[in-house]
Amino acid sequence: MKKVLKRFHEPFTAEIKHPQTRVIEFIVNEKHKKRGLFDFLSSSPIDFREITISNGSLMIDVKPKMLNPFRGMGKIFMKLEKDDNSSWTKVEGEIVPYNNRYIITVFLFLSFLTVWTAFAFIIDTSINTFIVVALGWTMFTFILYMLPFWYRSRLREYKDSLLLILNSKSVKQKRFR
């Protein structure tokens, strides 16, 4: 199944105008920042608690939230490397617009459609039954097929917001406080 879904992946490259150590330090500081009682109401699209750092690589596990259910679902992998210019960081990454929940959802819908089709044909085998079953299969498979494209566009926005924050002057200023 994952081989079929591999075509939904989207590689990307970017540059951050700060050194790698400063970028990682900024992310760690933001990740361990004390959160207030009402911080979940903030307008920031980035939740630094979702970022996992290991060996100069970032893995962001994005999931829908209660107050932002349309933010996409999947993972963003970023590898941070020093650029030729030591004050810049080169980012190579990949957007994976699905996770295990999506795969389970696909199997559940296919199982439901199979059982539903069997019951429909047991009850009646007229042309109307064929039309309704064909429409059901077409509609649900189309939605399941289009969902990773929508997730990918939302994850692309998330990645762009994160890179914008990492490229901002606040990364440089946080270091010297």
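Pick from ILE123, ILE165, ILE51: which is most flexible by mean-square fluctuation in a GNM of the chain where alpha carbon atoms under 10 Å apart are linked?
The residue that fluctuates most here is ILE123.
Tally up the carbon and sulfur contribution to the accessible surface of the chain as a whole percent, 1.4 Å probe, everything protein left in place.
The computed percentage sits at 62.
Using a cut-off of 9 Å between beta-carbons, work out the net charge of the residues near LYS90 (Lys and Arg +1, Asp and Glu -1, LYS90 not included).
Surrounding charge for LYS90 is -3.
Can you sort ILE60, ILE53 by solvent-accessible area, 1.4 Å probe, largest first?
ILE53, ILE60
Classify region 48-123 from the C-alpha gyration tensor, please: rounded if a/c falls under 1.5, else prolate or oblate depending on whether a/b exceeds b/c.
prolate
Can you pull out the trypsin sites (Lys or Arg not before Pro) in region 58-132 that DSSP calls coil and that have at most 16 other Cβ atoms within 10 Å?
Passing sites in region 58-132 are LYS65.
Take region 76-166, compute every pairwise Cα distance, and split them into 5 Å bins from 0; I just need the percent in each bin.
The calculated distribution, bin by bin, is 2, 11, 15, 15, 11, 10, 8, 7, 6, 5, 4, 3, 2, 1, 0.
Roughly what angle does helix 127-167 make with the longest principal axis of the chain, taking Cα atoms, 0 to 90 degrees, to the nearest 10?
Value to nearest ten degrees: 0.
Treat every Asp and Glu Cβ in the chain as -1 and every Lys and Arg Cβ as +1, leave all other atoms uncharged, and give the resulting dipole magnitude about the Cα centre to the nearest 20 debye.
Dipole of the chain, to the nearest 20 debye: 720 debye.
Probe radius 1.4 Å, ligands and nucleic acids left out: which of GLU157, GLU81, GLU50 has the largest accessible area, and how do the rest follow?
Correct descending sequence by accessible area is GLU157, GLU81, GLU50.
Given MET59, SER161, THR21, which one lies farthest toward the positive end of the charge dipole of the chain, if we put +1 on the Cβ of every Lys and Arg and -1 on the Cβ of every Asp and Glu?
Of the listed residues, the answer is THR21.
Rank ASN68, ILE104, PHE142 by how far each Cα sits towards the positive end of the charge dipole of region 61-156 (+1 on Lys, Arg Cβ; -1 on Asp, Glu Cβ) and give me just the farthest.
Checking the options against the dipole of region 61-156, the answer is ASN68.
How large is the dipole of region 63-141 about the Cα centre if only Lys and Arg carry +1 and Asp and Glu carry -1, each at its Cβ, rounded to the nearest 20 debye?
That gives a dipole near 340 debye.
Past 25 Å, Cα to Cα: identify those pairs from LYS65/LYS159; LYS6/LYS33; LYS65/LYS90, in the order given.
Beyond 25 Å between Cα atoms: LYS6/LYS33; LYS65/LYS90.
Can you give the direction-averaged projected area of the convex hull of the alpha-carbon atoms in the chain, in nm²?
13.2
What residue among ASP84, ASP160, ASP124 shows peak mean-square fluctuation when the chain is described by a Gaussian network model with Cα springs under 10 Å?
ASP124
The values are calculated or read from the model by the stated rules, or taken from the named source; none is laboratory data. What you see is a predicted model, and the numbers here were worked out from it, not measured in a lab. Neighbour counts are summed over all protein chains in view; Cβ atoms, including those assigned to glycine, are modelled from backbone coordinates with ideal geometry. Surface accessibility is based on the protein's heavy atoms, side chains included, excluding ligands, DNA and RNA. Shrake-Rupley method; radii C 1.70, N 1.55, O 1.52, S 1.80 Å.
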